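The values are calculated or read from the model by the stated rules, or taken from the named source; none is laboratory data. Source: prediction; values computed, not measured. A quick note on method: Cβ atoms are made from the backbone with ideal geometry, for glycine too, and the neighbour counts reach across all protein chains shown. Heavy atoms of the whole protein, side chains included, go into the accessibility calculation; ligands, DNA and RNA do not. Shrake-Rupley method; radii C 1.70, N 1.55, O 1.52, S 1.80 Å.
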Amino acid sequence: MANLDMPVSKLDGIGKVKAAAFEKLGICTLRDLIYHFPTRYENRGVVSRLAEGRVGMTQSYILTVSTEPKMARLRGSLTIVKFRAFDESGSVEITYFNQPYMRDKFHVGETYRFYGKLNEKLGKYSMSSPVAEMFREGQPLPDLYAVYRLAQPLNKKVIRECVSQALVLCNGELFDTVPGDIRAKYSLASLSYALENIHIPEDLASLDRAARRLAFDELLETALAVRLMRNKQTQSYAARMMNTDISPFLDTVPFELTNAQKRAVDDIIADLSAGKGYDAPRMSRILVGDVGCGKTVCAAAAVFMTVNNGYQALIMAPTEILASQHVNDLAPQFAAIGYKVEKLTGSTTAAEKRRIKAGLADGSIDIVIGTHALIEDDVVFRSLGLAVCDEQHRFGIAQRAKLLEKSPRAHMLVMSATPIPRTLSLVLYGDLSISRIDEMPKGRQKVDTFFVNENYRTRLNGFIDKQLAEGGQVYVVCPAVEQVEDDADDGAPTVSVFDTGAQPPLKSAVEFAAELGDRFPNANVAYIHGKMRPAEKNDIMSRFVSGEIKLLVSTTVIEVGINVPNASLMIVENAERFGLSQLHQLRGRVGRGSRKSYCILVSDTDGEIATRRLKLMTKTNDGFVIAEEDLKMRGPGDFLGTDGARQSGVGGNYRMAALCQDASIPEAAGEAASLILEIDPALASPEFAALRMRLSRAMNASETTMN
Ligand code: ADP
Ligand code: MG
């Protein structure tokens, strides 16, 4: 058996319990482990003097121990080791809980690099359980340490050790998936170099080279998959819709379409009615346009045309909340025309599900709106003519493929509110025709955007008071759900190691909501996050929509699609943690009604790039401009994300492409994919054997992890 397929339980130090924890992370073999990439890196190389250290931030200090460590017993078996250490600017008390051996580790006069969070109370500094590495002049310590997604009882250290073992064992089996000439053309590191340095980077430059290569691989995989899918589809036909008159639908729309909307609708009508006889070449179109530009009405026009021609239509949204919103908006409109609309989601009761499935199978239901539940195997349509996917970036290519598969005669329309850079759209949507909606409905006001730091907190609270007093509603977005142990990956959006040494502490939705609840007792403060049950989320959201809740604290679950016209203020905490296009989407949650609206980005970052990015947000409201700038400044990461909530790749997430800073990678990957398929359309030659294996493994994996 090749070592790559060896189970992790064979590694030194891995027993049953740890093997089970690895399995929870989806890691069974050494291959899985080697491809379990870090989510970020601790940059212990940024060293501060105590006097200049920023309280609450995690960073390094080079300190000399000045008192012998003392151990005390607390309740029961709890212990605490305490001692003091200093540099030329000040001194600090250091404590370790429940690590009695720390008493014997440190001795007066020894110097260590301590990496941890600096606390301050009454002018006195302290650090709790910092990482300590012996410091010797002239013997540099490594700067970068990988941080991984964890599962108890695995910690960073165990994962790091296992990965090191795995790399040694598998050395020699890591066949490069990209042939040498293509690597040379795009200045790519070899696969084995990249895998080693992504886990154990020698320095920033090697990490950069490693991330670049692995990012290239992920995007190449996608580019190849969409191109292969398109090649398969060019022969595929769907229902041709001959009746192109959509005026009965337009009569129910209370406004005039913008020119951009009209163009998009014309594109769709032309697609659906193209071809000969009963067959139209299957439409695969994406509607891209900023939040609020009015994509829904274009999709609804397509739905109307479909049903009016005797077929059924489905609309699939990424969350229950969005599905409900579409139902609330569209059901009355279609009911007025005489069409039957139903909702099908994960929380639909079993009896309801049975009834709806029967109605879809016998054709008595015209339109169904829902979530992934719609693509379960036992949902069968009598005559599905159109599938609409909302907020496309939340669906992977695999889902797209599955949707196509289950509805062989249906056209497909996807909607995305993420204006993405042109080069990246060629990688991700190489198989789709694109309609850009680059115009806002008349009378839309610009959302005024400001970038402030903690010093503005009091004024900011005053501003919230004012908005509430005027009857407006407020969103506060936090990057994390709850405060987490220092050791754990905090699950927050990834920050680049290049961005800034020290990181501002994270605001979490649950704790911050409690704080705001005290400060704004009349606002019915509530919070919502992705880990809540759908019913709970729906309840909170509908109370916000109705105006009962006036201040809603949330994670990015509200990022896409939600429409609450009365909301006038969007505050984003730890704004440095979010991608620009993500911020842009969040900002789009306000300014949807008649109220003058504001977006306030709060960040204590001192990173230069982070600052530049946030300033850009205050200057432009054009999503396409922001997208191109974001790509230039941060690479493709913000469009891909690491948390699986955003665009997911063929084989899972774009873990590395999301970290990669290199703006040229999408173009390189797109170009390389075309080049490779030109040389060898079936990837049949030995030169591409490793690549073909990787691609088929990824496609299989994405098939099994679809839901
Ligand atoms: P998105 O593109 O973000 O999905 P929606 O389709 O939800 O945007 O539209 C946002 C809001 O704008 C909705 O309330 C919709 O009714 C309204 N709207 C859409 N098109 C127009 C238009 N041409 N004129 C005025 N209002 C419009
Ligand atoms: Mg929408």
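Structure above, values below:
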item	result
Yes/no for Arg209 being among the basic types (Lys, Arg), without any contact (Cβ under 8 Å) to a residue 24 or more places away in the chain and open to solvent by 10 Å² or more (accessible area, probe 1.4 Å)	yes
Condition met for Leu257 (under 19 Å from Gly385 (Cα atoms) and either aliphatic (A, V, I, L, M) or surrounded by fewer than 23 Cβ atoms within 10 Å (Cβ to Cβ) (or both))	no
Subset of region 643-681 that is among the β-branched types (Val, Ile, Thr) and at pLDDT 85 or above - its residue that is farthest from Ala480 (Cα to Cα)	Ile679
Near pairs, Cβ below 7 angstrom, 6+ apart or cross-chain, from region 427-455 (within 20 Å of Cys298 (Cα to Cα)) to any residue that is within 16 Å of ligand 2 (Cβ to nearest atom) and modelled with pLDDT under 85	Met440/Gly292; Arg444/Gly292
Single residue of region 1-21 satisfying the filter (within 19 Å of Gly172 (Cβ to Cβ) and over 30 Å from the mean Cα position of the chain (by Cα)) that is most open to solvent (accessible area, probe 1.4 Å)	Met1
Unmet criterion (only one of (1) outside any loop (DSSP other than H, G, I, E, B); (2) touching a residue at least 60 places away in the same chain (Cβ under 8 Å)) for Arg589	(1)
Single condition Arg84 does not satisfy, out of (1) at pLDDT below 95; (2) open to solvent by 20 Å² or more (accessible area, probe 1.4 Å)	(1)
Count of residues meeting criterion [β-branched (Val, Ile, Thr) and more than 22 Å from Gly56 (Cα to Cα)] in region 95-134	2
Any chance Ile182 is touching a residue at least 40 places away in the same chain (Cβ under 8 Å), within 19 Å of Arg31 (Cβ to Cβ) and of a type in the set (Val, Ile, Thr)	no
Single match in Ala260, Ala280, Ala210, Ala223 (criterion: in the same structural domain as Ile337 (by TED's automatic domain parsing), more than 16 Å from ligand 2 (Cβ to nearest atom) and of a type in the set (Gly, Ala, Ser))	Ala280
Ser236 vs. criteria without any contact (Cβ under 8 Å) to a residue 40 or more places away in the chain, of a type in the set (S, T, N, Q) and surrounded by fewer than 21 Cβ atoms within 10 Å (Cβ to Cβ)	no
Filter pass, Leu250 being at pLDDT 95 or above, within 16 Å of ligand 1 (Cβ to nearest atom), in contact with a helix residue (DSSP H, G or I) (Cβ under 8 Å, 6 or more places away or on another chain) and over 22 Å from Ile434 (Cβ atoms)	yes
Residues that are within 16 Å of ligand 2 (Cβ to nearest atom) and either part of a helix (DSSP H, G or I) or touching a strand residue (DSSP E or B) at 6+ places or on another chain (Cβ under 7 Å) (or both), drawn from region 593-623	Gly623
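Listed here are the residues, each with its yes/no results for (1) at pLDDT below 95; (2) in a strand (DSSP E or B); (3) surrounded by fewer than 18 Cβ atoms within 10 Å (Cβ to Cβ).
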residue: Val484; (1), (2), (3): yes, no, yes
residue: Ala492; (1), (2), (3): yes, no, no
residue: Phe512; (1), (2), (3): yes, no, no
residue: Tyr527; (1), (2), (3): yes, yes, no
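Residue-by-condition table, conditions (1) charged (D, E, K, R); (2) touching a Phe, Trp or Tyr at 6+ places or on another chain (Cβ under 6 Å):
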position	(1), (2)
Glu93	yes, no
Phe97	no, no
Gly116	no, no
Asn119	no, no
Phe135	no, yes
